[in-house]
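Chemist: Let me give you the structure first, and then I'll get to my questions.
The values are calculated or read from the model by the stated rules, or taken from the named source; none is laboratory data. For clarity, every value in this text was computed on a predicted model and none was experimentally measured. Because the Cβ atoms are built from the backbone with ideal geometry, glycine has one as well, and the counts that use them run over all protein chains shown.
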């Protein structure tokens, strides 16, 4: 059976223009403070809410997540300065000049919706673990391990965004623990495989678009993420849209002090469609600039996805997917989206 990154393209409503703006009260918000407390009952309650949101929505927001607000503020200020630079300056750290997929992605640099022949109308810069050039995984040929392709301007960009990435890794570990509880897994099932995770940070800028936009050329086309889950910080400007299981697009409101979290393909494979990866897109019709910080979370590169998680398959409900690995799946999908192959 096809992986969900193919299946998502035929989901009902995937190319519809109509969207319904949600009120903040309509968004499932999980109080993540429970996962920083010793109380098992509080953790189980929050995990049950998370499970419900994953089954019914495919996404949720987290509040009381303990992420330092100052780290977000510094990252936001630095990214604004970077995207304001002349394009020639930004192109000096182009991602195609990096052997391990790091650096600047210009407007029309990717095509996220593989079912349409278009180009996305946004800019980004991508980074991950800032590892040395002699990292053993990089020497083995693993594309997503190695040094970052940092811009030289603004001078505080490396410090500000590197700190954000590192703090997100700690948040990601907590989210992994929450998923262990939500799926009734043994403690450490995800976190023990999160020691050198495939995690990428995509720093995004979305200029305003016209109301008569072409659906093939939007901020970022409809797609599912490739990893287990994704965190999204938004600067207060709406634009992120999620597709419901019945084919309705919903515009998610930015809620101060929260991160949006959506599910990726690997979570869908592992749960045998109990948790579906979330088809989403960005269309910025606000009339002002939109910025976001998007961090993708897989597990370690060589972790095998060889069958369903306990409780996610059984008689009459066989596993629907072929075995893969975390790194193999992510590398295959990134190659299809960006302007290289292999």
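Chemist: What's the number of the condition residue 155 fails, among (1) in contact (Cβ under 8 Å) with a residue 12 or more places away in the chain; (2) within 23 Å of residue 104 (Cβ to Cβ)?
Modeler: It fails just one condition, (1).
Chemist: Does residue 273 satisfy the condition of being surrounded by fewer than 22 Cβ atoms within 10 Å (Cβ to Cβ) and touching a residue at least 40 places away in the same chain (Cβ under 8 Å)?
Modeler: yes
Chemist: Just one of the numbered conditions (1) surrounded by 15 or more Cβ atoms within 10 Å (Cβ to Cβ); (2) out of contact with any helix residue (DSSP H, G or I) (no Cβ under 9 Å at 6 or more places or on another chain); (3) farther than 18 Å from residue 143 by Cβ is not true of residue 293; which one?
Modeler: Here residue 293 meets the rest and fails (2).
Chemist: Restricted to the range 100-118, and to residues that are closer than 25 Å to residue 81 by Cα and either surrounded by fewer than 17 Cβ atoms within 10 Å (Cβ to Cβ) or out of contact with any strand residue (DSSP E or B) (no Cβ under 8 Å at 6 or more places or on another chain) (or both), which residue is modelled with the lowest pLDDT?
Modeler: 100
Chemist: Something else: Enumerate the pairs (first residue in the range 313-342 and closer than 18 Å to residue 299 by Cα; second residue anywhere and assigned to a helix (DSSP H, G or I) and modelled with pLDDT under 90) with beta-carbon separation below 6 Å, excluding pairs fewer than 6 apart on the same chain, so at least 6 apart or on different chains.
Modeler: 333/5
Chemist: Among the residues that make up the range 147-169, is at least one of them assigned to a loop (DSSP other than H, G, I, E, B) and either under 19 Å from the mean Cα position of the chain (by Cα) or within 30 Å of residue 43 (Cβ to Cβ) (or both)?
Modeler: Taking the range 147-169 as the starting set, the residues that turn out to be assigned to a loop (DSSP other than H, G, I, E, B) are 147-156.
Imposing the further condition that a residue be either under 19 Å from the mean Cα position of the chain (by Cα) or within 30 Å of residue 43 (Cβ to Cβ) (or both) reduces the set to 148.
Checked the range 147-169: at least one residue is assigned to a loop (DSSP other than H, G, I, E, B) and either under 19 Å from the mean Cα position of the chain (by Cα) or within 30 Å of residue 43 (Cβ to Cβ) (or both).
Chemist: Can you name the condition, by its number, that residue 257 falls short on among (1) surrounded by fewer than 24 Cβ atoms within 10 Å (Cβ to Cβ); (2) in contact with a helix residue (DSSP H, G or I) (Cβ under 9 Å, 6 or more places away or on another chain); (3) under 20 Å from residue 55 (Cβ atoms)?
Modeler: Here residue 257 clears every test but (3).
Chemist: Name every residue in the range 280-290 that is farther than 13 Å from residue 122 by Cβ and buried (at least 16 other Cβ atoms within 10 Å of the Cβ), in order of residue number.
Modeler: 280, 285, listed by residue number.
Chemist: Limited to the range 40-90, what total is found for residues that are free of Cβ contacts under 8 Å to residues at least 12 places away in the same chain, within 24 Å of residue 122 (Cα to Cα), part of a helix (DSSP H, G or I) and more than 23 Å from the chain's Cα centre (by Cα)?
Modeler: Matching residues across the range 40-90 total 1.
Chemist: Another question, then. Scan 24, 86, 68 and give me the residue that is closer than 30 Å to residue 182 by Cα, surrounded by fewer than 15 Cβ atoms within 10 Å (Cβ to Cβ) and out of contact with any helix residue (DSSP H, G or I) (no Cβ under 8 Å at 6 or more places or on another chain).
Modeler: Going through 24, 86, 68 in turn, just one is closer than 30 Å to residue 182 by Cα, surrounded by fewer than 15 Cβ atoms within 10 Å (Cβ to Cβ) and out of contact with any helix residue (DSSP H, G or I) (no Cβ under 8 Å at 6 or more places or on another chain): 24.
Chemist: Same structure again: Among the candidates 44, 143, single out the residue that is under 30 Å from residue 270 (Cα atoms) and either in contact with a strand residue (DSSP E or B) (Cβ under 8 Å, 6 or more places away or on another chain) or crowded, with 17+ Cβ neighbours inside 10 Å (or both). Steps first, please.
Modeler: Working: 44 fails: either in contact with a strand residue (DSSP E or B) (Cβ under 8 Å, 6 or more places away or on another chain) or crowded, with 17+ Cβ neighbours inside 10 Å (or both).
Of the residues listed, the single one that is under 30 Å from residue 270 (Cα atoms) and either in contact with a strand residue (DSSP E or B) (Cβ under 8 Å, 6 or more places away or on another chain) or crowded, with 17+ Cβ neighbours inside 10 Å (or both) is 143.
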